[in-house]
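Derivation of every value follows stated rules applied to the coordinates shown; laboratory data play no part. This one's a predicted model, so the numbers in the text were calculated from it and none came from an experiment. Positions of Cβ are backbone-derived with ideal geometry, glycine not excepted, and every protein chain shown enters the neighbour counts.
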Amino acid sequence: MERIETELLDCYILEPNRFGDNRGYFESITEEELKSLGFNKIFQVSNSLSGKGILRGLHFQNNPYCQAKVVRCHRGKVLDVVVDIRKDSKTYGKWISVELTPDNGRLLYVPRGFAHGFLSLSDDTLFEYYVDNLYNPKMEDGIAWDDKDININWKEIFKKYDITEPVLSDKDKNRCSLKECKSEFYRTPKKYIVTGYKGQLGYDIIRELHNRGEYDILALDIDRLDITDRDATIKMIKDYKPDVIFHCAAWTAVDKAEDMEDMVCKVNVEGTRNITDASIEVGAKLFYISTDYVFDGEKDGLYNEMDKPNPKSVYGKTKYEGELEASRNPNHFITRISWVFGINGNNFIKTMLKLSKTKDELNVVNDQIGSPTYTVDLAKLLVEMSYTDKYGTYHVNNDGFCSWAEFASYIMKINNKNTKINPVSTEKYLEITGTKQAYRPRNSKLSKDKLIENGFTMLPTWEDATKRYCEELERENLL
């Protein structure tokens, strides 16, 4: 494949090698060739049919659903038009147009951070897009096709191709100018730090960043950085200068925490203080992962973000104190989560499935109510949040509520297990097992209204998430 530079940085005309004879021709483009352009993977292939004079554009999707595109014309003829809208690019606000036809065989690579459109030049034009990120209608956006500052020479184009008046959608008739556009794109990749990357959530945040084409990531765990070492923590963050820090590292052994309060405080409070101080110094957004354990669980109804925390365990107390530390960064997101399960660690689902192999019956508590939450879904939302400035405290869980006993029964049902689940009270469970536990909130029902009010996408139901997680376990041969 020949790559032809255009006047816009990182935007290329592509000409595949064609091998033909009197029957026709054959051509191909490899995955490696696409990746060399910066095109991550093909998430979707779309086609649009247009008559002559139809103008589609200038479109893009906002972060974190921004898309790179490889486009071509399979039938008819188009004039493809792109504008570089990356604010740190030398060609910001510049445009080019490229004629694409089946005969010339050309494709155009449109990087992320470009506004894209095309003018159909024939009555039966079939246009194809390969895109490297998910389509999300809530993130659709665009700029005015006739923006005076961009100054595309439409009059000359219409005259050249004998088009009297372009045919536009209602949306495209009313787009704002590039100067008025609030979307922000940059050529220089963002830099991320993920602490606790070997945990369930940290692991999936990195997977999600990779899916979005983000690779400048410093992944940290205890073997690389002890966050209780203040000097080392501040130095590493200052040297790397991240744009975003996902602080997932924490002491999470709830029961052991009761006997090791000083150590738990060092990790969850002092470690978070060190991360926060460094994040403020470099101007990074800070995500602090908190928990439902900051509440006592005695409220009737749902907890919202304005309810006063009242933790009753060492774990809950230190996580709340960590919230107070993180909130000193004005660009903070505090996300309270609960009942988490992911591929890269131990969790309730894995435990239930393991016990089902040897147990005919299991006693599971039925007086603790909350929301099981899949780290794949959680990571998507947190990365989406990182592209915004809608800072504050949020409750982030999969939709719906259940008891641990109901959760266990559902796990057995969808995995065709015959193990009987006996619902019991927390007190009865402790009596039967003869164990001592840290305090667990009985009511962990967290309101997600604030997510909706700020325009974030609600996570799927916990039942749907559990099904998908078990399918992932099966694919990875972990069932």
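Here are the numbers:
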item: The chain: antiparallel DSSP beta bridges as a percent of all, rounded to 5; result: 60 percent
item: Size-normalised alpha-carbon gyration radius of region 275-433, reference 2.2 N^0.38 Å; result: 1.19
item: Positive-end extreme of charge dipole, the chain - chosen from LEU34, THR388, TYR293 (charges on Cβ); result: LEU34
item: Integer Hz, Karplus 6.51/-1.76/1.60 couplings in order for region 103-110, x for Gly and Pro; result: 6, 7, x, 6, 10, 10, 8, 10
item: Span from the region 188-205 Cα centroid across to the region 239-267 one, whole angstrom; result: 15 Å
item: Ascending count of other beta-carbon atoms within 10 Å, so fewest first, for HIS210, HIS59; result: HIS210, HIS59
item: Under 5 Å, built H, 5+ apart or other chain: amide partners of THR461; result: ASP399
item: Length-normalised contact order of region 65-126 in % [C-alpha pairs under 8 Å, at least 6 apart]; result: 50 percent
item: Charge dipole magnitude, Cβ of K and R +1, D and E -1 - region 2-173, Cα centre, debye nearest 20; result: 220 debye
item: Dipole of region 192-475, positive direction: furthest Cα of ASN443, ASN211, SER409, with charges on the beta-carbon; result: SER409
item: Highest-first arrangement of 7-19, 108-120, where packing means the average Cβ count within 10 Å; result: 108-120, 7-19
item: Trypsin sites (Lys or Arg not before Pro) restricted to DSSP loop in region 32-81 with at most 16 other C-beta within 10 Å; result: LYS41
item: J(HN,Hα) series, region 410-419, from Karplus relation 6.51 cos²θ - 1.76 cosθ + 1.60, nearest Hz, glycine and proline x; result: 5, 4, 5, 4, 6, 9, 6, 9, 9, 4
item: Dipole magnitude of the chain about its Cα centre (Cβ charges: Lys, Arg +1; Asp, Glu -1), debye to nearest 20; result: 180 debye
item: Size of electric dipole in region 80-168: Cβ of Lys, Arg +1 and of Asp, Glu -1, about Cα centre, debye, nearest 20; result: 460 debye
item: Kirkwood-Stokes translational diffusion coefficient of region 2-173, alpha-carbon pairs, 4 °C, 1.567 mPa s, µm²/s; result: 78 µm²/s
item: Whole-Hz couplings from phi, Karplus 6.51/-1.76/1.60, listed for region 155-160; x for Gly and Pro; result: 4, 5, 5, 4, 5, 4
item: Amide proton proximity set for THR393, modelled H, under 5 Å, gap of 5+; result: ILE334
item: Normalised contact order of region 2-173, rounded percent, pairs of Cα under 8 Å and 6 or more residues apart; result: 31 percent
item: Cα gyration tensor shape of region 1-104, rounded if a/c is under 1.5, else prolate or oblate by comparing a/b with b/c; result: prolate
item: Unit Cα scatterers, Debye sum, region 192-475: log10 I(q)/I(0) for q = 0.08, 0.11 Å⁻¹; result: -0.33, -0.63
item: Structure-derived percent of Cα pairs over 36 Å apart: which label, when the choices are (i) 42; (ii) 46; (iii) 27; result: (i)
item: Modelled FRET efficiency - R0 51 Å, LYS90 with GLU471, Cβ distances, 0.05 increments; result: 0.65
item: Gain on full stretching of the segment that runs from GLU427 to ASN304 - 0.36 nm per residue minus C-alpha separation; result: 41.5 nm
item: DSSP-defined antiparallel bridges as percent of all bridges, region 192-475, nearest 5; result: 5 percent
item: Structure-based [θ]222 nm, the chain - -39500 (n - 2.57) summed over DSSP H runs of at least 4, per residue, nearest 500; result: -8000 deg cm²/dmol
item: For region 151-250: rounded, prolate or oblate by the Cα gyration tensor [a/c cutoff 1.5]; result: prolate
